[in-house]
1. Any idea of the accessible area per residue across the stretch 149-232, 1.4 Å probe, to the nearest Å²?
2. Among the GluC sites (Glu not before Pro) within the stretch 51-100, which fall in a DSSP loop and have no more than 12 other Cβ atoms within 10 Å of their own Cβ?
3. So for each of 221-228, 181-188, 203-210, 96-103 I average, over its residues, the number of other beta carbons within 10 Å; can you give me the resulting order with the highest mean first?
4. Show which lysines lie in cross-link reach of Lys67 when reach means a straight Cα distance below 17 angstrom and same-chain residues fewer than eight apart are skipped.
5. With all protein chains present and a 1.4 Å probe, how do Ser94, Ser69 order by accessible area, largest first?
6. At 1.4 Å probe size, what's the solvent-accessible area of His230? Round to the nearest 10 Å².
Amino acid sequence: GEGELGDDVDMGADERDMWSFPLLMCFLLLGRAYPVIEHSTAPFDCTLHGKGCVEGYDSHYALVAGKESSMQPIGLDEEGRPGLPKADEIVVFSPTQVLPRALLYVVEKGALAPPSGQRPVVVWVDPNHEMPEVASCVLDTSENAAVEVLHAKSTKELMAWLHAHRFLVRSMLESGRVRVVTNRYREHDGGDGAAARLVRRVRARYPRLEILVFCGHCGPALSLWSPARHVFVTTHKAIAYSFVSMEPVDPDLYLNAIAVCRVCCVE
């Protein structure tokens with residue numbers, strides 16, 4: 001296969017910003033857990049800070065509070081009441097008590113919705129809150145809409161969505177039911193090279209995914225035009241609408257539009 005999804009491919013250093021942070025999921029063997037109630041500010045002889053496992057136990061369990069970077073076990077106040085916890089903390093003392101099971105990548109809050117799998121999907125990458133006029137023609141969020149149009153604000157958000165739903169995206173790619181539209185310029189996403197950056201990253205993992213660069217002035221983006229690589233460029237709303245509507249791509253139609261664009265650029 002073409003390896004377009006990179007299911008088992010490690011991320012490169014330049015791709016780590018596609019996700020918020022990794023989360024390692026593990027099974028833990030606690031055995032007999034010691035309930036930690038010693039306050040962290042207690043005298044050294046009365047606290048477990050920096051010490052090994054309590055004799056007769058296999059692990060420690062504590063309720064902790066404080067700053068996220070330095071949470072400490074809560075203790076009992078002078079009246080014997082516990083403080084308010086923010087999290088649970090489990091401490092094990094041997095690597096044999098930990099069995100890693102999965103590595104999850106947690107995306108930012110507000111990430112794109114998952115595809116339903118029932119309808120074709122177009123991910124439209126543009127930081128503007130108001131979608132371009134052509135997109136508004138098909139932005140129907142009802143269950144009866146012919147195409148799902150999702151609005152991403154950056155290449156990062158697009159790549160995170162593709163990775164999070166890569167198995168369903170694979171199936172949709174095989175039947176030609178997923179496409180991407182991008183504008184050319186995004187100030188905080190590569191500037192004038194935003195579209196080229198998106199194309200480069202998408203092509204590295206999803207070489208068969210069709211991409212349309214839709215912009216008001218296509219001159220700087222013409223170098224991206226490559227039907228063999230499934231990358232198209234246009235300024236014409238009718239062509240963009242055809243692409244978003246999942247109609248078959250007619251390279252000749254796009255070439256005619258590009259020819260007109262080149263004439264306009266020369267003039």
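1. Details: 3340 Å² over 84 residues.
Per residue, the stretch 149-232 has an accessible area of 40 Å².
2. Numbers: sites: Glu55, Glu68, Glu78, Glu79, Glu89; in loops: Glu55, Glu78, Glu79.
Filter output for the stretch 51-100: Glu55, Glu78, Glu79.
3. Details: 221-228: 14.5, 181-188: 19.4, 203-210: 17.9, 96-103: 10.0.
The peptides rank, most packed first, as 181-188, 203-210, 221-228, 96-103.
4. Lys86
5. Values: Ser94 40, Ser69 115 Å².
Greatest to least solvent exposure: Ser69, Ser94.
6. Counting only protein heavy atoms, His230 exposes about 60 Å² to solvent.
The values are calculated or read from the model by the stated rules, or taken from the named source; none is laboratory data. From a predicted model like this one, the values you see are computed outputs, not experimental measurements. In this analysis, Cβ positions are derived from the backbone assuming ideal geometry, glycine residues included, and neighbour counts consider all displayed protein chains. Surface accessibility is based on the protein's heavy atoms, side chains included, excluding ligands, DNA and RNA. Shrake-Rupley method; radii C 1.70, N 1.55, O 1.52, S 1.80 Å.
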